[in-house]
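Peer 1: This is the structure, below, for whatever I ask next.
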Amino acid sequence: MLCGLCGRKMQSHQAHGAAYYRCRYPNEYALANHVQHPRNVYVAERDIVPALDNWLLKAFAPPPHRLTDTIRRLHAAQPEAGPSTVAPEIATVNKIIAACDAKLVQ
Ligand SMILES: [Zn+2]
């Protein structure tokens, strides 16, 4: 989660049994960078979760909605990986899936 004032990554923070995101921005940095920023900015996780849930529901809505586009975007955002970077567990699972696919074809 990024701070809307300075664009930096916010840190997780626990207080009074609740989860928060916090951005600490020292006054010296704010003055040097000409940024209007309180020393601390807090956002309660409970205030964000409903909006995030709604966004996820839309992003992963089954076809014909946005699911296919979301999967395409997630795939495109992944770094290029060659076959040598596949974890051994994934290679084993891929072999099992290929064997099952071959049985289904027969
Ligand atoms: Zn900030």
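Peer 1: Kindly indicate the residue of region 30-61 that is open to solvent by 100 Å² or more (accessible area, probe 1.4 Å) and in contact with a His (Cβ under 8 Å, 6 or more places away or on another chain) and also farthest from the ligand (Cβ to nearest atom) among those meeting that condition. Working first, answer last.
Peer 2: First pass over region 30-61, keeping only residues open to solvent by 100 Å² or more (accessible area, probe 1.4 Å): 31, 34, 36, 39, 42, 46-47, 55, 57-58.
Cutting the leftovers down to in contact with a His (Cβ under 8 Å, 6 or more places away or on another chain) gives us 42, 58.
Working: TYR42: 11, LYS58: 27 Å.
Of everything passing the filter in region 30-61, LYS58 is farthest from the ligand (Cβ to nearest atom).
Peer 1: Would a scan of region 7-22 turn up a residue that is in contact (Cβ under 8 Å) with a residue 24 or more places away in the chain and in a loop (DSSP other than H, G, I, E, B)?
Peer 2: Yes, region 7-22 contains a residue that is in contact (Cβ under 8 Å) with a residue 24 or more places away in the chain and in a loop (DSSP other than H, G, I, E, B).
Peer 1: Considering region 67-100 alone, what residues qualify as being open to solvent by 100 Å² or more (accessible area, probe 1.4 Å) and assigned to a helix (DSSP H, G or I)?
Peer 2: Taking region 67-100 and keeping what is open to solvent by 100 Å² or more (accessible area, probe 1.4 Å), we get 72-73, 75, 78-80, 83-84, 89, 95.
Those that are open to solvent by 100 Å² or more (accessible area, probe 1.4 Å) and assigned to a helix (DSSP H, G or I): ARG72, ARG73, HIS75, PRO83, SER84, GLU89, LYS95.
Peer 1: Something else: Hey, can you tell me all the residues within region 1-29 that are of a type in the set (D, E, K, R) and open to solvent by 60 Å² or more (accessible area, probe 1.4 Å)? First the steps, then the outcome.
Peer 2: The first filter runs over region 1-29 and keeps only residues of a type in the set (D, E, K, R), leaving 8-9, 22, 24, 28.
ARG8, LYS9, ARG24, GLU28, listed by residue number.
Peer 1: Look through VAL41, VAL49 and report the one residue that is closer than 27 Å to GLN14 by Cα and touching a Cys at 6+ places or on another chain (Cβ under 8 Å). Quick ask: steps written out before the conclusion?
Peer 2: Working: VAL49 fails: touching a Cys at 6+ places or on another chain (Cβ under 8 Å).
None of the others qualify; the one that does is VAL41.
Peer 1: Turning to a different aspect of this structure: Assess whether PRO64 counts as being more than 16 Å from the ligand (Cβ to nearest atom), open to solvent by 100 Å² or more (accessible area, probe 1.4 Å) and either within 27 Å of HIS75 (Cα to Cα) or in contact with a Lys or Arg (Cβ under 6 Å, 6 or more places away or on another chain) (or both).
Peer 2: Working: more than 16 Å from the ligand (Cβ to nearest atom): yes; open to solvent by 100 Å² or more (accessible area, probe 1.4 Å): yes; either within 27 Å of HIS75 (Cα to Cα) or in contact with a Lys or Arg (Cβ under 6 Å, 6 or more places away or on another chain) (or both): yes.
Here the answer is yes, as PRO64 does meet what is asked.
The values are calculated or read from the model by the stated rules, or taken from the named source; none is laboratory data. Here the structure is a predicted model, which is why all the values come from computation and not from measurement. So basically every Cβ, Gly included, is an ideal-geometry build from the backbone, and we count neighbours across all protein chains shown. In case anyone asks, the SASA skips ligands and DNA or RNA and just uses the protein heavy atoms, side chains included. Shrake-Rupley method; radii C 1.70, N 1.55, O 1.52, S 1.80 Å.
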